[in-house]
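Every number in this text was worked out from the coordinates using simple rules, so none of it is lab data. Just so it is clear, the structure is predicted and the values come from calculations on it, not from any experiment. Glycine gets a Cβ as well: all are built from the backbone with ideal geometry, and neighbour counts include every protein chain shown.
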Ligand code: WQD
């Protein structure tokens with residue numbers, strides 16, 4: 001199958017105005033892809049589209065390169081009345097062995113992602129995250145659009161995250177695999193995952209399984225499932241920070257609420273974990289590094305360099321930071337204390353969850369370049385630019 005070269009290809013990105021989506025849309029434009037953003041604006045704002053455009057224009061002007069095209073399709077990716085005409089626009093005249101569409105790949109972010117909400121509203125999560133994926137992939141397949149980058153999550157490792165086992169992709173596989181362990185012993189890994197603790201995480205695992213079966217059924221499909229660890233920070237311009245109007249559940253946005261005086265203090269959930277300082281450890285990856293991981297996955301897929309036509313990759317730094325280390329890092333950036341107190345553990349939490357990122361490094365030729373401190377500094381730039389810093 002002839003693949004359209006990556007330069008000047010069109011990439012369809014769902015949820016492209018969200019936190020991770022917007023950073024990925026920007027990096028796609030910087031990498032000379034034309035971008036079609038599908039976003040129903042249910043959890044994002046159209047102004048983000050203009051900011052991405054501004055940043056990409058500025059980048060290409062500075063580099064003397066041509067700004068690719070970008071367009072916003074402000075509809076739900078599940079609405080076939082608007083999706084089908086859109087895909088029709090990019091259909092290529094059917095010639096023998098030619099690609100059927102100008103769209104060289106899809107990055108699928110659009111999904112619900114709140115763990116707590118998935119526990120109280122599981123059907124909403126299965127309908128959108130799983131049902132939506134099935135219909136979307138069906139529609140794409142009919143247009144010959146079969147390079148698919150899926151937004152997955154380290155949540156699929158479930159209780160394995162707490163086992164002390166190195167979190168490698170082969171811990172959670174969709175078909176039997178033979179792997180060699182660090183002692184050179186071969187071992188057969190059975191399909192499955194262990195102890196996913198919430199419906200949100202289960203939707204991600206089920207979607208991976210669906211895509212693995214799809215890829216096994218049709219070699220024309222190339223699917224990459226990217227398992228994110230803990231995305232933090234924002235673009236260094238400060239224009240794409242996490243929207244402060246939402247009620248955050250993740251650590252860094254809550255630290256921001258404390259820094260800006262909206263919350264009195266940070267509650268550190270658990271101070272008796274078996275970690276260096278007793279607070280929980282996570283793999284905090286800068287969202288720009290995470291976005292660039294998608295470009296690397298797309299490039300590897302488009303060049304036909306994936307070892308299998310369904311492949312999972314961890315997107316993490318490979319090293320952990322504790323909650324206390326995050327607070328200390330942010331305090332070193334703002335040069336003032338952040339009120340915090342030790343609190344009870346949060347239900348469903350694990351003590352440590354850190355990626356083994358070797359497969360991404362070796363097969364995607366990608367690794368993280370930004371630090372936790374960079375993320376804290378970029379968040380402060382966002383607060384200054386937004387007029388939120390106190
Ligand atoms: C990080 C650490 C908390 C808030 C979640 C989802 C996961 C994925 C990434 C989608 C934990 C501690 C937090 C606070 C705290 N999302 N914390 N005080 O739980 O690792 O992962 O986001 O894929 O699905 O579960 O991230 O940022 O919520 O917590 O002490 O006020 O910070 O206990 O140890 P988590 P988080």
Taking the chain and counting helices only, DSSP H stretches of n ≥ 4 at -39,500 (n - 2.57) each over all residues, the nearest-500 ellipticity at 222 nm comes to -10500 deg cm²/dmol
GNM on the chain, Cα springs under 10 Å; top mean-square fluctuation among 351, 64, 316 goes to 64
Over all Cα pairs of the chain, the Kirkwood radius sets Rh, and Rg/Rh then becomes 0.96
Fewest-first ordering of 106, 130 by Cβ atoms within 10 Å yields 130, 106
At 25 °C in a medium of viscosity 0.890 mPa s, the range 252-308 has a Stokes-Einstein diffusion coefficient, with Rh taken as the Kirkwood radius over alpha carbon pairs, in µm² per second, of 164 µm²/s
Under a Gaussian network model of the chain whose springs join Cα atoms within less than 10 Å, the largest fluctuation of 379, 254, 11 belongs to 254
Proxy exposure order for 179, 300, 275 (fewest C-beta within 10 Å first) is 179, 275, 300
Ordered by fewest other Cβ atoms within 10 Å, a rough proxy for footprinting exposure, 75, 108, 294 read 75, 108, 294
Here the percent of antiparallel bridges among DSSP beta bridges lying wholly in the chain, to the nearest 5, is 15 percent
With label points set 7 Å from each Cα along the Cα-to-Cβ direction at residue 257 and residue 303, the distance between them in nm comes to 4.3 nm
